[in-house]
Amino acid sequence: MRKKIVAGNWKMNTTLQEGIKLASEVESLSTQVPSDVTLIVCVPFTHLTEVKKVINRTLLGAENCASEVSGAYTGEVSAAMVASTGANYVIIGHSERRSYFNETDETLAKKVKLALANQLTPIFCIGELLSEREANIHFDVVKKQLQKGLFDLSAEDFGKIVIAYEPVWAIGTGRTATSEQAQEMHYFIRNTIAEKYGKEVAKEISILYGGSCNDKNAAELFANPDVDGGLIGGASLKAESFIAIARSF
C-alpha cells in the first residue's frame with residue numbers, strides 16, 4: 001500500500017520562535033490523525049534543528065536544498081547539511097523555485113540525486129501554468145517535467161520519490177483544481193510512470209495534490225483513487241486547519 005501523506009510547506013513564514021510554537025501545536029494535535037497518514041512539516045532552514053526537538057510523530061522536511069555537494073556557494077544549504085539536522089524529506093522543484101529562481105529541469109535532477117544520496121526523500125513538484133492548461137498542453141508540460149527531472153533514476157531510486165502535482169494557477173490564488181481535474185492529472189502521472197518503470201512501481205508511488213488545498217476541499221480531493229494526500233501551503237500555518245486536512249482521509 002502506498003503512503004497517505006499530508007505535508008506542510010511553510011515557505012518564507014514564521015520566525016524561529018513562531019515556528020517552534022507552530023510545530024509544537026501540530027505535534028500535540030497529531031494524535032487526532034489516522035495512524036496510516038504520514039504527517040510532515042517542511043520548514044525554513046533556520047528552523048530545522050529546533051523544530052526537530054519538538055516533534056516525534058510528525059516528520060521533518062526542508063523546503064529546498066542545493067544542487068552541489070559542497071563548496072564556495074555562499075548562502076546555499078547542501079543536502080548533507082539538511083540531512084544532518086534530522087530531516088527526512090526535502091521539497092524539490094516547487095514552482096516558486098522554478099519561476100522566481102530560474103531552476104531548470106537539469107538543476108532539479110541534480111538536487112534529486114543528492115537528496116537520495118543523503119537518505120532524504122524528495123517531494124518532487126510538477127505542474128502547469130494557466131496559459132499552458134488553456135493551450136491544452138498541460139499533459140505535455142507535466143510529462144516533460146517528470147522525464148527531465150526524474151526519469152534518469154533507476155527503478156529502485158525512483159521508488160523512493162514522492163510526487164506533488166501543483167497546478168501553478170492554483171497555488172496561493174484560492175483557485176483549486178476540481179476533484180475531476182486533480183484525478184485526471186494524477187491518473188496521467190501514474191500512467192506515465194508505469195510506461196517508464198512498470199505498473200508495480202507506479203502503483204506504489206504517492207502522488208500528492210497541492211494548490212489551495214484546505215480543510216474544506218481536502219476530503220473531496222483525497223477521495224480520488226490516485227490522490228494520495230496533499231502538499232499544503234497557507235493552510236499548514238495554522239495547526240488546527242493542517243490537522244483537519246490530515247483527518248480528511
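The values are calculated or read from the model by the stated rules, or taken from the named source; none is laboratory data. Just so it is clear, the model here is predicted, and its values are computed rather than measured. Neighbour counts are summed over all protein chains in view; Cβ atoms, including those assigned to glycine, are modelled from backbone coordinates with ideal geometry.
Considering only residues that are over 15 Å from residue 183 (Cβ atoms), in contact (Cβ under 8 Å) with a residue 12 or more places away in the chain and assigned to a loop (DSSP other than H, G, I, E, B), which ones fall in segment 207-237?
Here is the first cut: in segment 207-237, the residues over 15 Å from residue 183 (Cβ atoms) are 212, 214-216, 231-237.
Pick out the ones that are also in contact (Cβ under 8 Å) with a residue 12 or more places away in the chain and you get 212, 214-215, 231-237.
Within segment 207-237, 212, 214, 215, 233 qualify.
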* Asked: If you take the residues in segment 83-96 that are more than 14 Å from residue 125 (Cα to Cα) and within 16 Å of the chain's Cα centre (by Cα), which one is surrounded by the most Cβ atoms within 10 Å (Cβ to Cβ)?
  -> 87
* To do: Can you tell me which residue within segment 25-37, out of those that are closer than 19 Å to residue 230 by Cα and of a type outside the set (Ser, Thr, Tyr), is surrounded by the most Cβ atoms within 10 Å (Cβ to Cβ)?
  => 26
* Out of the residues in segment 38-73 that are assigned to a loop (DSSP other than H, G, I, E, B), crowded, with 18+ Cβ neighbours inside 10 Å and among the hydrophobic types (A, V, I, L, M, F, W, C), state the one that is farthest from the chain's Cα centre (by Cα). => 55
* **Residues located in segment 142-191, provided they are more than 18 Å from the chain's Cα centre (by Cα) and among the aliphatic types (A, V, I, L, M)** => 153, 155
* Counted residues, segment 113-140 - those being closer than 17 Å to residue 99 by Cα and within 18 Å of the chain's Cα centre (by Cα) -> 6
* Structure fact -> Checked segment 151-176 for anything more than 17 Å from residue 97 (Cα to Cα) and touching a residue at least 40 places away in the same chain (Cβ under 8 Å); matches are 151, 152, 153, 155, 157, 158, 159, 160, 161, 162, 176
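Might you check whether a residue that is part of a loop (DSSP other than H, G, I, E, B) and of a type in the set (A, V, I, L, M, F, W, C) occurs anywhere in segment 86-97?
Pass one, segment 86-97, residues part of a loop (DSSP other than H, G, I, E, B): 86-88, 93-94.
Among the residues that remain, those that are also of a type in the set (A, V, I, L, M, F, W, C) are: 87.
Yes; the residues of segment 86-97 include at least one that is part of a loop (DSSP other than H, G, I, E, B) and of a type in the set (A, V, I, L, M, F, W, C).
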* Structure fact -> Exactly one of 123, 137 is aliphatic (A, V, I, L, M) and without any contact (Cβ under 8 Å) to a residue 12 or more places away in the chain, and that one is 137
* Please specify each residue of segment 115-125 satisfying the condition of being part of a helix (DSSP H, G or I) and crowded, with 16+ Cβ neighbours inside 10 Å. => 115, 116
* Taking the stated definitions as given, is residue 112 assigned to a helix (DSSP H, G or I), crowded, with 21+ Cβ neighbours inside 10 Å and of a type outside the set (Phe, Trp, Tyr)? -> yes
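Buried (at least 19 other Cβ atoms within 10 Å of the Cβ) and in contact (Cβ under 8 Å) with a residue 60 or more places away in the chain, is that true of residue 128?
Numbers: buried (at least 19 other Cβ atoms within 10 Å of the Cβ): yes; in contact (Cβ under 8 Å) with a residue 60 or more places away in the chain: no.
No; evaluated as a whole, the condition is false for this residue.
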* Asked: Given the conditions (1) surrounded by fewer than 19 Cβ atoms within 10 Å (Cβ to Cβ); (2) without any contact (Cβ under 8 Å) to a residue 40 or more places away in the chain; (3) part of a loop (DSSP other than H, G, I, E, B), and given that residue 103 satisfies all but one, which numbered condition is not satisfied?
  -> (1)
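Please enumerate the residues belonging to segment 207-221 that are among the hydrophobic types (A, V, I, L, M, F, W, C) and in contact with an Asp or Glu (Cβ under 8 Å, 6 or more places away or on another chain). First the steps, then the outcome.
Of all residues in segment 207-221, those among the hydrophobic types (A, V, I, L, M, F, W, C) come to 207-208, 213, 218-219, 221.
The answer is 207, 208.
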* Asked: If we keep just the residues of segment 178-206 that are among the small types (Gly, Ala, Ser) and assigned to a helix (DSSP H, G or I), which is modelled with the lowest pLDDT?
  -> 179
* Scan segment 1-24 for residues that are surrounded by 22 or more Cβ atoms within 10 Å (Cβ to Cβ), outside any helix (DSSP H, G or I) and in contact with a helix residue (DSSP H, G or I) (Cβ under 7 Å, 6 or more places away or on another chain) and jot them down. => 6, 8, 9, 10
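Mind checking whether some residue in segment 152-166 is of a type in the set (Gly, Ala, Ser), surrounded by 21 or more Cβ atoms within 10 Å (Cβ to Cβ) and not in a helix (DSSP H, G or I)? Break it down stepwise before answering.
First, pick out the residues of segment 152-166 that are of a type in the set (Gly, Ala, Ser): 154-155, 159, 164.
Imposing the further condition that a residue be surrounded by 21 or more Cβ atoms within 10 Å (Cβ to Cβ) reduces the set to 164.
Narrowing further to those that are not in a helix (DSSP H, G or I): 164.
Yes, because at least one residue in segment 152-166 is of a type in the set (Gly, Ala, Ser), surrounded by 21 or more Cβ atoms within 10 Å (Cβ to Cβ) and not in a helix (DSSP H, G or I).
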